[in-house]
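The values are calculated or read from the model by the stated rules, or taken from the named source; none is laboratory data. For clarity, every value in this text was computed on a predicted model and none was experimentally measured. Methodologically, a virtual Cβ is constructed for each residue, glycine included, from the backbone with ideal geometry; neighbour enumeration extends over all protein chains shown.
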Amino acid sequence: MTKKGVLQTLLIIVITLAFIFYIRKNFNQLKDAISIRPSFLAILALLNLVNKLCLGFKTNRIMKSFNIQLSFKEWFGMSCVSNFYNYLAPKSGTAVCGVYLKNKYDFDYHKYISALITTGLITILTSGLAGLAVSLFFYLPHFINTIIFIILFAGMAAGSLVIFLMPRIKFPKSGFFEKINEFFESWEILRKDFKTILVLAAADLLILLSVATRYFVIFKMFSLPVAFASCILLSPFNIITHFATIIPGGYGIKEATVGAVSTLTNVSFAAGALATLSDRVIMMAVAFILGPIFSFILLKHSFKAKKEGSPS
């Protein structure tokens, strides 16, 4: 096993032990989560599907910028497949989708990476601006905590905006540098498509609100009187942990991050972590149902296209 594999295994063991400790300490609350009413389960599953639809829609919109038209079963299917495989190995779902686009539409990997970076920056920017707005207009009674949130969200928004507005760097048109230039050319295509940027930001805002609603429903399930504004403040941290994780599905990292941020609101660390863990269980259930189904559909779709003479 490689050093990276050993590190991942050790982290998973440590995080699992930490969760066992918190589950034992909050067993009564967890029992309530396990005995979730069908109505709550249906709402959470539906909101999870909204996330997948939005993520797939973003992929479809990005591909249109490169003159590639995806069908519904492709863009929604890739969202499901990506989510499913990311639970099996870090970023593996992202890689699978990149391979599919390369094989089916000859969409170069450097273009795919530039699209991922662009959408990531837009997501962070949208999350930062939304969190900043909520911090300023809905959370002023908790002045110290509000200042912390303002700093965090302003940093997210400013940092992503600075990177997004950086002037294009041009390298010599030869060898390895030629691929770097092609990467920045793809970056320019997306960065100058203002309409697409607005559509992606709107989709990110919808995702943020759906995640916040999931938290709100789960806290209701735990009989915790948590304001919806608090859930909106927590949701960006649920989302951005996807971008920096070395553990499949961000296992433990998301729970710990949201739990830590929860202490800045009127929610305890344990409640925030347990809410995120409950959300993960439902997300995984949906992912492990839809992921294999769409893996088969996309694989079949790809082979059919090759047989008919489509680009590969």
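Going by the structure shown, is LEU41 part of a helix (DSSP H, G or I) and at pLDDT below 90? The answer is yes for LEU41. Considering only segment 192-202, I want to know if a residue exists there that is surrounded by fewer than 20 Cβ atoms within 10 Å (Cβ to Cβ), within 27 Å of ASN60 (Cα to Cα) and at pLDDT below 75. So far as segment 192-202 goes, no, none of its residues is surrounded by fewer than 20 Cβ atoms within 10 Å (Cβ to Cβ), within 27 Å of ASN60 (Cα to Cα) and at pLDDT below 75. Per the conditions (1) among the hydrophobic types (A, V, I, L, M, F, W, C); (2) crowded, with 19+ Cβ neighbours inside 10 Å; (3) closer than 26 Å to ILE282 by Cβ, the sole criterion not satisfied by LEU101 is (3). Here is the figure for segment 48-100: residues that are at pLDDT below 90 and among the aliphatic types (A, V, I, L, M) total 6. Scanning segment 38-55 for residues that are without any contact (Cβ under 8 Å) to a residue 12 or more places away in the chain and not polar (S, T, N, Q) gives PRO38, ALA42, LEU46. Are any residues in segment 213-229 without any contact (Cβ under 8 Å) to a residue 40 or more places away in the chain and surrounded by 18 or more Cβ atoms within 10 Å (Cβ to Cβ), and if so, which ones? Once the filter is applied, which keeps residues that are without any contact (Cβ under 8 Å) to a residue 40 or more places away in the chain and surrounded by 18 or more Cβ atoms within 10 Å (Cβ to Cβ), segment 213-229 yields only PHE216. Taking segment 266-281 as the search range and keeping residues that are of a type in the set (Val, Ile, Thr) and surrounded by 20 or more Cβ atoms within 10 Å (Cβ to Cβ), which one is nearest to VAL81 (Cα to Cα)? Checked segment 266-281; the qualifying residue nearest to VAL81 (Cα to Cα) is THR276. For segment 112-124, the criterion of being assigned to a helix (DSSP H, G or I), surrounded by fewer than 19 Cβ atoms within 10 Å (Cβ to Cβ) and of a type in the set (Phe, Trp, Tyr) is satisfied by no residue at all. Entry remark, segment 78-124: residues being within 13 Å of the chain's Cα centre (by Cα) and charged (D, E, K, R) number 1 in total.
There is no residue in segment 133-152 that is assigned to a helix (DSSP H, G or I), within 30 Å of SER186 (Cβ to Cβ) and modelled with pLDDT of 85 or more.
In the set PHE222, PHE237, PHE288, PHE294, only one residue is in contact with a helix residue (DSSP H, G or I) (Cβ under 7 Å, 6 or more places away or on another chain), among the hydrophobic types (A, V, I, L, M, F, W, C), over 30 Å from SER114 (Cβ atoms) and at pLDDT 80 or above; that residue is PHE288.
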